Amino acid sequence: MHEVLIIGGGVAGLTAAMYCRMRAMSVIVVDAGRVGGQLVSVYGDKPVHDWPGQHHIVANDLAAQLIDHAREVEVELVVNQKIAELVRRDAEGFEVVARDVVTLEEHRYGARAVIVAIGGGAFEPRRLKVPGEEGLSEDALTYRMPDRSKVAGKRVVVVGGGDSGLESALAAHEAGAQVTLIQALDRFTGMEISIERADRLQIPRHYNTRVRALEVEDGRIKAVVANTRGIPDPLRLACDYVVVNIGAAVNLDAVKQWGIEVEGNLVRVDQHMRTSVEGVFACGDIVTYPGKYKLLLTAASEGCVAANSAYQYVKKPQRVTVTDLYK
């Protein structure tokens with residue numbers, strides 16, 4: 001029986017685990033893939049500019065630092081196991097059932113409290129849903145940040161004008177690709193600093209434009225066909241690689257089955273990161289509350305709050321002070 005079980009090993013989950021250890025609680029992190037969250041599964045080689053104290057650090061390197069820190073404080077990490085069931089067994093806590101994503105072998109864990117930090121694990125990238133999209137490999141199309149080795153020297157079309165789309169375009173440009181942006185709106189919606197860099201680099205872009213088809217030959221992309229509002233003739237952009245960053249759809253079926261209340265497509269929490277289920281807390285991209293702002297920094301902050309709330313729930317101290325740390 002662990003005192004705290006954390007579902008998800010991204011920034012929020014790892015930070016929560018570290019703070020649980022600082023409170024001298026036994027904690028286990030269970031992740032359906034690799035620990036590191038979107039830093040490794042989505043961003044990879046992308047530079048991170050919004051982590052305090054690190055003006056420029058690659059996402060993979062930041063993830064490695066967080067993982068090393070967690071291991072140093074003896075956080076137990078389990079990978080490639082997806083949580084299937086979360087059931088309250090008695091007043092002492094919960095039984096959590098996980099299945100190996102490859103072998104489907106079942107694993108059972110006991111925990112006094114649970115922190116849900118699945119973040120990007122609940123998000124599935126939105127697809128274009130156009131002819132030619134199905135069946136393409138990562139060598140032709142990605143819904144994540146582009147791999148520099150795959151785009152260097154190629155003609156790349158990036159679909160999306162938010163933060164991810166702009167960052168993908170900038171990363172591909174830095175890797176030596178010839179980049180063109182397609183944005184459905186009449187403006188970009190990402191951070192001003194990214195928009196300014198794209199403008200300064202004069203990256204070509206097409207506003208008010210939607211992709212209608214991908215021209216494919218022998219598994220390779222030949223061109224992107226799109227329509228621009230107000231222009232009758234279709235736009236054809238010859239290219240070798242396509243990056244689609246148009247958001248993500250949330251799948252909270254599992255969370256709903258666990259009895260946790262959701263708001264829209266997110267888990268509703270209070271200022272203490274408490275969910276509607278007593279003893280279950282949540283943090284990171286998956287949660288919503290008044291004033292929520294999605295950043296790596298806020299995910300880490302929410303992880304701290306969730307850990308502290310789990311500590312109070314499990315240990316029930318008369319009062320919480322800094323002297324309780326590192327017991």
statement: Filter segment 207-229 for residues that are modelled with pLDDT of 95 or more and in a loop (DSSP other than H, G, I, E, B); the one that is farthest from Ala177 (Cα to Cα) is Arg229
- request: Confirm whether Val277 is in contact (Cβ under 8 Å) with a residue 12 or more places away in the chain, surrounded by 12 or more Cβ atoms within 10 Å (Cβ to Cβ) and assigned to a loop (DSSP other than H, G, I, E, B).
  value: yes
task: Output the residues belonging to segment 219-265 that are surrounded by 12 or more Cβ atoms within 10 Å (Cβ to Cβ), closer than 30 Å to Cys283 by Cβ and among the small types (Gly, Ala, Ser).
output: Gly247, Ala248, Ala254, Gly259
- prompt: Is there a residue in segment 305-324 that is at pLDDT below 95, part of a helix (DSSP H, G or I) and loosely packed, with under 13 Cβ neighbours inside 10 Å?
  reply: yes
field: Qualifying positions in segment 1-40 - buried (at least 24 other Cβ atoms within 10 Å of the Cβ), touching a Cys at 6+ places or on another chain (Cβ under 9 Å) and assigned to a helix (DSSP H, G or I)
entry: Ala12, Gly13, Thr15, Ala16
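Kindly indicate whether Arg148 is over 21 Å from the mean Cα position of the chain (by Cα) and among the basic types (Lys, Arg).
Details: over 21 Å from the mean Cα position of the chain (by Cα): no; among the basic types (Lys, Arg): yes.
Spelling it out, it is not the case that Arg148 is over 21 Å from the mean Cα position of the chain (by Cα) and among the basic types (Lys, Arg).
Look at Leu237 and say whether it is modelled with pLDDT under 95, in contact with a Ser or Thr (Cβ under 9 Å, 6 or more places away or on another chain) and not in a loop (DSSP other than H, G, I, E, B).
Working: modelled with pLDDT under 95: no; in contact with a Ser or Thr (Cβ under 9 Å, 6 or more places away or on another chain): yes; not in a loop (DSSP other than H, G, I, E, B): yes.
Taking the combined requirement at face value, the residue does not satisfy it.
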message: Looking at the structure I just gave you, is Arg205 in contact with a helix residue (DSSP H, G or I) (Cβ under 9 Å, 6 or more places away or on another chain), within 16 Å of Ile246 (Cα to Cα) and of a type in the set (Lys, Arg)?
response: yes
query: In segment 120-163, what residues are crowded, with 19+ Cβ neighbours inside 10 Å and at positive phi?
result: Gly132, Gly160
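On the given criteria, is Ala70 out of contact with any Leu (no Cβ under 6 Å at 6 or more places or on another chain) and in the same structural domain as Lys316 (by TED's automatic domain parsing)? Before the answer, list the steps.
Numbers: out of contact with any Leu (no Cβ under 6 Å at 6 or more places or on another chain): no; in the same structural domain as Lys316 (by TED's automatic domain parsing): yes.
Taking the combined requirement at face value, the residue does not satisfy it.
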message: Checking the conditions here, which among Lys256, Lys292 is out of contact with any Pro (no Cβ under 8 Å at 6 or more places or on another chain) and in a loop (DSSP other than H, G, I, E, B)?
response: Lys292
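Go through segment 259-274 residue by residue and tally those that are closer than 26 Å to Asn308 by Cβ and part of a loop (DSSP other than H, G, I, E, B). Working first, answer last.
Step one: of segment 259-274, the residues closer than 26 Å to Asn308 by Cβ are 259-263, 266-274.
In the following step, the residues that additionally are part of a loop (DSSP other than H, G, I, E, B) were identified as 259-261, 269-273.
Going through segment 259-274 one residue at a time, the tally reaches 8.
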- prompt: Looking only at strands (runs of 3 or more DSSP E) that fall completely inside segment 100-206, which ones have 3 or more residues that are hydrophobic (A, V, I, L, M, F, W, C) and without any contact (Cβ under 8 Å) to a residue 60 or more places away in the chain?
  reply: 178-182
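Would you mind stating whether Asp233 is more than 21 Å from the chain's Cα centre (by Cα) and either closer than 19 Å to Ile118 by Cβ or among the charged types (D, E, K, R) (or both)? Talk me through it step by step, then tell me what you get.
Values: more than 21 Å from the chain's Cα centre (by Cα): yes; either closer than 19 Å to Ile118 by Cβ or among the charged types (D, E, K, R) (or both): yes.
Answer is yes for this residue.
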- prompt: Restricting to segment 65-82, what's the tally of residues that are surrounded by fewer than 16 Cβ atoms within 10 Å (Cβ to Cβ), within 17 Å of Ala300 (Cβ to Cβ) and in contact (Cβ under 8 Å) with a residue 12 or more places away in the chain?
  reply: 2
statement: When (1) within 19 Å of Gly9 (Cα to Cα); (2) touching a strand residue (DSSP E or B) at 6+ places or on another chain (Cβ under 8 Å) are applied to Val242, the one that fails is (1)
task: Take segment 9-45 and flag every residue that is out of contact with any strand residue (DSSP E or B) (no Cβ under 7 Å at 6 or more places or on another chain) and within 21 Å of Ala152 (Cα to Cα).
output: Val40, Ser41, Val42, Tyr43, Gly44
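The values are calculated or read from the model by the stated rules, or taken from the named source; none is laboratory data. None of the values given here were measured: they were computed from a predicted structure. Please note: Cβ atoms are built from the backbone with ideal geometry, for glycine as well, and neighbour counts cover all protein chains shown.
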